[in-house]
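What follows draws every value from the coordinates through simple rules; no lab data is involved. Given the structure is predicted, the values throughout are model-derived calculations rather than measurements. Counting neighbours? That spans all protein chains shown, and the Cβs are built from the backbone with ideal geometry, glycine included.
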């Protein structure tokens with residue numbers, strides 16, 4: 001064992017902040033890009049700033065169905081004007097003659113000469129003439145050209161993960177295609193002789209491999225390309241070969257199980273044989289044994305085998321690491337909401353803990369959280385029941401009514 005490996009092996013558990021800082025500092029963002037149709041770009045990461053080709057709106061347009069008029073033609077007590085033109089969306093009317101009104105519809109260009117649009121609900125019309133109220137204000141119900149976006153403005157920044165609203169904005173400024181970073185390639189495997197796939201018979205001592213399905217779904221949400229190396233037997237040789245194969249075909253290797261210090265835990269020594277191990281213990285529950293290192297130049301993250309530990313450590317560590325590798329910029333920390341505890345935790349926790357929790361609301365509208373009865377890291381039912389995590393600091397106790405921090409799953413699995 002090298003001196004560096006010995007230091008990692010025998011160092012005290014890192015704080016969550018220190019561990020996350022280490023991972024993010026060593027994340028190397030992708031640089032390879034490709035061009036995709038805007039319609040196919042959901043969940044991709046924008047590779048360069050997107051500028052608008054047009055003003056938005058492209059003309060002064062009506063914000064409502066109604067009547068375009070000159071305010072000077074309408075006395076304080078109101079006026080009745082002839083309707084000289086009809087302007088639906090997609091058509092342009094002619095200049096508005098003084099003393100007349102134009103029937104206009106939402107999105108249609110406001111004719112030259114008109115300076116206000118009066119909504120149809122407060123007007124009376126027989127189709128030929130319209131009775132208008134008084135006290136009209138210039139500019140009412142008119143969207144001015146370029147008030148949202150000017151041609152040349154940057155509308156989306158490089159590093160943006162493209163959600164439906166981003167694609168709508170891109171299309172609205174004329175972008176048929178978008179330059180995006182290629183998808184991150186992630187290889188996964190699960191360690192454990194006890195694992196079998198759903199559909200296969202369970203022998204004594206065996207369990208179904210739930211981690212494979214959870215890993216795949218978590219990575220799919222993040223838009224990764226997945227190489228599934230399956231179940232790896234509990235041996236050093238098999239683990240070394242799985243890590244080597246993953247590193248050869250992917251940008252990141254993720255493994256579940258085998259990262260602790262037992263005789264059947266082979267991931268840490270296998271990583272050290274092929275590369276380096278930078279951390280393997282974090283002062284948290286669940287998920288204390290979390291391995292991070294490199295297989296050659298390929299980063300590796302190994303999570304505990306218990307499914308709750310895998311889920312929590314993925315959300316808190318693997319997810320931000322992946323986002324940074326994908327080119328996502330800015331603060332990656334999830335939003336924490338303040339709520340009142342609807343539970344007791346009488347004994348101080350020995351290290352920072354993440355309880356599976358559900359956000360509720362009192363009759364008075366106050367946000368409260370309840371927690372799942374079991375704190376077991378093997379209880380997948382707790383994740384299915386919960387809609388977030390309560391973060392409890394080291395040494396903290398909780399009584400009903402105390403303020404607590406709640407992290408919604410929507411912040412971790414968008």
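At 222 nm, what value in deg cm²/dmol follows for the chain if DSSP H runs of at least 4 each add -39500 (n - 2.57) and the sum is divided by all its residues, to the nearest 500? Let's see the in-between values first.
Numbers: 10 runs with 86 residues, N = 414.
Mean residue ellipticity at 222 nm (helix-derived): -6000 deg cm²/dmol.
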### Centroid-to-centroid separation of region 361-382 and region 268-324 [C-alpha atoms, Å]
27 Å
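Hey, any idea what Rg/Rh is for region 1-142, computing Rh the Kirkwood way over Cα pairs?
Details: Rg = 30.1 Å, Rh = 20.2 Å.
Result: Rg/Rh = 1.49.
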### Task
Would you please report the Å³ per residue occupied by the convex hull of the alpha carbon atoms in the chain?
206 Å³
### Query
In the Gaussian network model of the chain, springs joining C-alpha atoms below 10 Å, which of 368, 84, 313 carries the largest mean-square fluctuation?
84
### Query
Once fully extended, how much extra length lies between residue 165 and residue 91, figured as 0.36 nm per residue of separation less the alpha-carbon to alpha-carbon distance?
24.0 nm
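Could you tell me how many cubic angstrom of Cα convex hull volume region 115-249 has per residue?
Numbers: hull volume 33.9 nm³, N = 135.
It comes to 251 Å³ per residue, whole-number rounded.
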### Summary
In nm, the gap between the two label points placed 7 Å beyond Cα toward Cβ at residue 335 and residue 226 is 2.8 nm
### Task
Taking 7 Å along the Cα-to-C-beta vector as the label spot, tell me the residue 206-residue 84 distance in nanometres, rounded to one decimal.
8.6 nm
### Query
For residue 273 and residue 393, FRET efficiency with R0 = 35 Å and r from the beta-carbon atoms, rounded to 0.05?
0.40
### Query
What translational diffusion coefficient, in µm²/s and rounded to a whole number, does the Stokes-Einstein relation yield for region 61-143 at 25 °C and a viscosity of 0.890 mPa s, taking the hydrodynamic radius as the Kirkwood radius over Cα pairs?
204 µm²/s
### Linear extension gain, residue 362 paired with residue 11, 0.36 nm per residue minus alpha-carbon span
121.8 nm
#### Entry: Extension gain (nm, one decimal) between residue 49 and residue 233, 0.36 nm per residue minus Cα-Cα
61.6 nm
### Task
Return the single residue from 230, 134, 152 with maximal mean-square fluctuation; model: Gaussian network over the chain, springs between Cα atoms under 10 Å.
134
### Whole-Å distance, taken between Cα centres, linking region 121-161 and region 68-102
16 Å
### Message
How large is log10 of I(q)/I(0) for region 337-412 at q = 0.22, 0.24, 0.26 Å⁻¹ when the intensity is taken from the Debye formula with one equal scatterer per alpha-carbon?
### Response
-1.00, -1.17, -1.33
### Query
Comparing 104, 16, 188, which has the greatest mean-square fluctuation in the GNM of the chain with Cα pairs linked when under 10 Å apart?
104
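Compute the FRET efficiency between residue 24 and residue 75 as 1/(1 + (r/R0)^6), taking r as their Cβ-Cβ distance and R0 = 60 Å, and round to the nearest 0.05.
Working: r = 66 Å, r/R0 = 1.11.
E between residue 24 and residue 75, to the nearest 0.05, is 0.35.
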